[in-house]
Amino acid sequence: MNSKTINREAGDKEKGPRLQKMRAALLLLNALSENDQAHIYCAIEYVGDIYISRTSKNDSSDYLEENKNYNEERTFTLNSHEVLNSLVYFLDFWIEKYMSNNVHFGFYTNINYGKENNTDLIKKSGFKLPKCPLLKILMDKQHQTFLPLITFLIINEYEKQYADKPGMGYLETIRKFDNNVWDSFLISIEWNFGEPDEQQLQDIIIKKIRSSKDFDVSLEGKENYILRSLLDLLDERQTYSDPTKRFIHASEVRVLFLDLKTGELPLIDPVFLEWDKLKKEQNDKRILKEKLLSVCSEYSEMKIGFLSRRAMTATIELGGISDQRIASAYRYRIYEACSEKLFELLEEVELPLSQKALDNIIDNLYSTAKAHLEDKSKDYSYVLSNNHLIRNTILEIIDSCFLSFDKL
């Protein structure tokens, strides 16, 4: 959206609601099954909750979807803030896309719709509510009879949202819409109420994976791996602050199938996101040397140099992994094991430490981290798991401000 309209991007890009990712995964798989030759791009919270662009030799289209996941005891009406807010957003996007017939919208929710209350606003307007819910009328594309009431409610919401915005968005343009323009806009919206939630969607997606052209007998029993990898990919892209980097191409989805057929697809440990969060929380800027000397002033300068070089080796080796989600998960699992063990070990000793006692602590951390990684490797792939790298990564984590011997 441009500077003329409200910026509706979510503030936290680290991990979006699961419903968004499940819907995005299904929409990508559906798009692939419909036309595997088209250029298909999908992003979460680029514009809207989900945005999909398709381009082929014959045509192109944009689809923007808003997802609402709530307690099923609730119901939506046209007067609901979530519904009106989505309509205002859809309008802004539609106008910026030159009101193209190739732009479509979706409102997807697990809860149902209900009948509108006769609010003071509606009473003052002079309009009468129909016997059936307005959302049902919109779903059935039978809105022409009640177009004055529907457009009145939308424009009123638009005015409220842009009341304190310079230029009032596209309000003047919208006020000039005739019935044909409103009809084109409302027809472009697909309303989905009482739809499967994220748990139910998982079974639907698994069935979609099995029916994919890229699925064959060699992938039997691995459907959940494909789904989890696709969700991990969506999670990773969403962490980018640059919205244009959040896109996933449909070809990347096909690669997930192909790589798993050849046994090359690692099952990525989802805690890689926790490592990214942890990096933002660190405020101890001391390097490895300072931390060693803080608890053992007599520690060998030569050995400090040796250990520092090993820490740098881990940085280089982990930096060479093509998928940095794996490296982040690997680091986090080592940190997870070492932080708990270090707390336990430091409870049993008095500071300052001798060089031997400090070396024993580091050796103990290695044994703990090694056992922890071996256990987690039953479910996830970390690509690199040799003993030297585990030792060096512990030193790197200490050097990079995540662990210390005098405070935790």
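So how many residues does the range 225-240 have that are more than 18 Å from Leu19 (Cβ to Cβ) and polar (S, T, N, Q)?
Number of matching residues: 2.
Based on this model, can you work out whether Leu153 counts as at pLDDT 95 or above, aliphatic (A, V, I, L, M) and assigned to a helix (DSSP H, G or I)?
Yes: the conditions hold for Leu153.
With (1) open to solvent by less than 30 Å² (accessible area, probe 1.4 Å); (2) part of a helix (DSSP H, G or I); (3) touching a residue at least 40 places away in the same chain (Cβ under 8 Å) as the list, and Asn85 as the residue in question, which single condition is left unmet?
(1)
Keeping to the range 140-160, report how many residues are under 32 Å from the mean Cα position of the chain (by Cα) and either over 25 Å from Asn117 (Cα atoms) or open to solvent by less than 30 Å² (accessible area, probe 1.4 Å) (or both).
3
Could you say whether any residue in the range 310-317 is of a type in the set (A, V, I, L, M), open to solvent by 30 Å² or more (accessible area, probe 1.4 Å) and at pLDDT below 95?
yes
Hey, can you tell me all the residues within the range 368-408 that are within 22 Å of Cys296 (Cα to Cα), open to solvent by 50 Å² or more (accessible area, probe 1.4 Å) and either of a type in the set (A, V, I, L, M) or without any contact (Cβ under 8 Å) to a residue 12 or more places away in the chain (or both)?
Applying the first criterion (within 22 Å of Cys296 (Cα to Cα)) to the range 368-408 yields 391-408.
Cutting the leftovers down to open to solvent by 50 Å² or more (accessible area, probe 1.4 Å) gives us 391, 399, 406-408.
Matches in the range 368-408: Leu408 only.
Scan the range 101-115 residue by residue and report those that are open to solvent by less than 10 Å² (accessible area, probe 1.4 Å) and touching a Ser or Thr at 6+ places or on another chain (Cβ under 9 Å).
Residues satisfying the conditions are Val103, Phe105, Phe107, Ile111.
Only one of (1) polar (S, T, N, Q); (2) exposed (fewer than 14 other Cβ atoms within 10 Å of the Cβ); (3) modelled with pLDDT under 95 is not met by Ser125, so which one is it?
(2)
Within the set of pairs 6 or more residues apart or between chains, which connect a residue that is part of a loop (DSSP other than H, G, I, E, B) inside the range 218-234 to a residue that is modelled with pLDDT under 85 and surrounded by 14 or more Cβ atoms within 10 Å (Cβ to Cβ) with Cβ atoms less than 7 Å apart?
Hits for this filter: Lys222/Leu260.
Got at least one residue in the range 184-199 being outside any helix (DSSP H, G or I), among the acidic types (Asp, Glu) and without any contact (Cβ under 8 Å) to a residue 24 or more places away in the chain? Give the steps one after another, and end with the answer.
Just the residues of the range 184-199 that are outside any helix (DSSP H, G or I), to begin with: 188-197.
Checking which are among the acidic types (Asp, Glu) leaves us with 190, 195, 197.
Going one step further and asking which of them are without any contact (Cβ under 8 Å) to a residue 24 or more places away in the chain, we end up with none.
No, the range 184-199 contains no residue that is outside any helix (DSSP H, G or I), among the acidic types (Asp, Glu) and without any contact (Cβ under 8 Å) to a residue 24 or more places away in the chain.
Name the pairs: first residue in the range 30-50 and more than 17 Å from Ile205 (Cα to Cα), second residue assigned to a helix (DSSP H, G or I) and of a type in the set (D, E, K, R), Cβ to Cβ under 6 Å, at least 6 apart or on different chains?
Partner pairs satisfying both residue conditions: Ala43/Arg246; Tyr46/Arg246.
Which condition breaks for Lys370 when tested against (1) modelled with pLDDT under 95; (2) more than 30 Å from Tyr225 (Cα to Cα); (3) more than 29 Å from the chain's Cα centre (by Cα)?
(2)
Within the set of pairs 6+ apart or on separate chains, which have a first residue in the range 327-338 that is within 10 Å of Ala369 (Cα to Cα) and among the charged types (D, E, K, R), a second that is open to solvent by 10 Å² or more (accessible area, probe 1.4 Å) and outside any helix (DSSP H, G or I), and C-beta atoms under 7 Å apart?
Correct list of pairs: Arg333/Val271.
Collect the residues in the range 266-289 that are part of a helix (DSSP H, G or I) and either of a type in the set (Gly, Ala, Ser) or modelled with pLDDT under 95 (or both), keeping them in residue-number order.
Step one: list which residues in the range 266-289 are part of a helix (DSSP H, G or I), which gives 272-281, 288-289.
Correct list: Phe272, Leu273, Glu274, Trp275, Asp276, Lys277, Leu278, Lys279, Lys280, Glu281.
Which members of the range 220-265 meet the condition of being closer than 19 Å to Ile52 by Cβ, modelled with pLDDT of 85 or more and open to solvent by 70 Å² or more (accessible area, probe 1.4 Å)?
Matches in the range 220-265: Arg254 only.
So how many residues does the range 204-219 have that are within 16 Å of Ile52 (Cβ to Cβ) and aliphatic (A, V, I, L, M)?
Looking only at that region, the number is 1.
Among the residues of the range 198-245, which ones are of a type in the set (Gly, Ala, Ser) and farther than 18 Å from Lys261 by Cβ?
Matches in the range 198-245: Ser241 only.
Kindly indicate the residue of the range 328-367 that is open to solvent by 40 Å² or more (accessible area, probe 1.4 Å) and outside any helix (DSSP H, G or I) and also farthest from Glu301 (Cα to Cα) among those meeting that condition.
Glu348
Would you be able to tell me the number of residues in the range 50-82 that are open to solvent by less than 50 Å² (accessible area, probe 1.4 Å), outside any strand (DSSP E or B) and within 23 Å of His39 (Cβ to Cβ)?
Looking only at that region, the number is 1.
I want to confirm something. Restricting to the range 90-100 and keeping residues that are charged (D, E, K, R) and in contact with a Ser or Thr (Cβ under 9 Å, 6 or more places away or on another chain), which single residue is least open to solvent (accessible area, probe 1.4 Å)?
Once the filter is applied, the top-ranked residue is Asp92.
The values are calculated or read from the model by the stated rules, or taken from the named source; none is laboratory data. Here the structure is a predicted model, which means the values were calculated and not measured. For neighbour counting, all protein chains shown are included, and Cβ atoms are generated from backbone atoms with ideal geometry for every residue, glycine included. All accessible areas refer to the heavy atoms of the entire protein, side chains included, with ligands and DNA or RNA removed. Shrake-Rupley method; radii C 1.70, N 1.55, O 1.52, S 1.80 Å.
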